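Below: the structure, in structure tokens.
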Amino acid sequence: MIEIERKFLVLNNDFESIAVSKNRIVQGYLNSNLERAVRVRIKGDKGFLTIKGKGNDSGTTRLEWEKEIDVRDAETLLSLCESGVIEKMRFEIPSGKHIFEVDVFAGENQGLIVAEIELTNENEFFEKPNWLGHEVTGDQKYYNAALSNLPFMNW
């Protein structure tokens with residue numbers, strides 16, 4: 001239930017050729033408050049309800065609870081969400097003993113590409129691929145909940 005992850009901008013699309021999976025994601029927020037965001041997501045043909053707590057000072061660690069729900073229920077809940085639905089393609093890219101999740105945003109966030117890696121502790125070593133750019137861990141404007149309210153195209 002504790003999520004430890006770091007987030008980076010992506011320099012180019014060199015990751016696409018080594019991706020082991022690619023899924024379309026549509027998600028909305030029933031509550032986009034960064035202290036306790038409640039998200040509805042459709043990933044491929046599955047639905048999810050997720051609650052995320054406020055991150056620690058570095059933004060690396062926070063509480064996360066996620067439950068798979070029927071995709072029809074997720075579609076219904078999306079209609080109740082705040083405005084600013086997020087659309088993106090997620091690529092999973094192996095790197096050493098880790099997996100990077102790279103999100104290529106569409107719609108009002110088109111042009112933004114962000115990579116996340118989940119770790120077992122905040123100081124865990126991981127290999128940094130050549131397409132990985134500036135670290136934005138803890139920068140709240142890159143949180144999906146924030147992007148739903150202030151899209152990348154409006155920065």
Hey, Glu118 in contact with a Lys or Arg (Cβ under 9 Å, 6 or more places away or on another chain) and under 24 Å from Asn12 (Cα atoms) or not: yes
Options Glu127, Glu118, Glu135; residue that is more than 15 Å from the chain's Cα centre (by Cα) and among the acidic types (Asp, Glu): Glu127
Subset of segment 134-155 (residues that are closer than 15 Å to Gln110 by Cβ and either of a type in the set (A, V, I, L, M) or not in a helix (DSSP H, G or I) (or both)): Leu147, Leu150, Pro151, Met153, Trp155
Residue check for Ala74: more than 13 Å from Val26 (Cα to Cα) and in a helix (DSSP H, G or I): no
Tabulated pairs, segment 120-135, first at pLDDT 95 or above, second in a loop (DSSP other than H, G, I, E, B) and surrounded by 13 or more Cβ atoms within 10 Å (Cβ to Cβ), C-beta under 6 angstrom, 6+ apart or interchain: Trp131/Leu11; Gly133/Leu11
Those residues of segment 15-43 which are surrounded by fewer than 15 Cβ atoms within 10 Å (Cβ to Cβ), of a type outside the set (S, T, N, Q) and at pLDDT 95 or above, in sequence order: Glu16, Ile18, Val20, Lys22, Arg24
Long-range neighbours under 8 Å by Cβ, at least six apart or interchain, first residue surrounded by fewer than 20 Cβ atoms within 10 Å (Cβ to Cβ) within segment 142-153, second of a type in the set (D, E, K, R): Tyr142/Lys7; Asn149/Glu82; Leu150/Lys141; Pro151/Glu108; Phe152/Glu108; Met153/Glu108
Qualifying residue in segment 79-100 (condition: in a strand (DSSP E or B) and among the basic types (Lys, Arg)): yes
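The values are calculated or read from the model by the stated rules, or taken from the named source; none is laboratory data. The model shown is predicted, which means the values in this text are computed figures rather than measured ones. Reconstructed Cβ throughout: ideal geometry from the backbone, glycine too, with neighbour counts over all protein chains shown.
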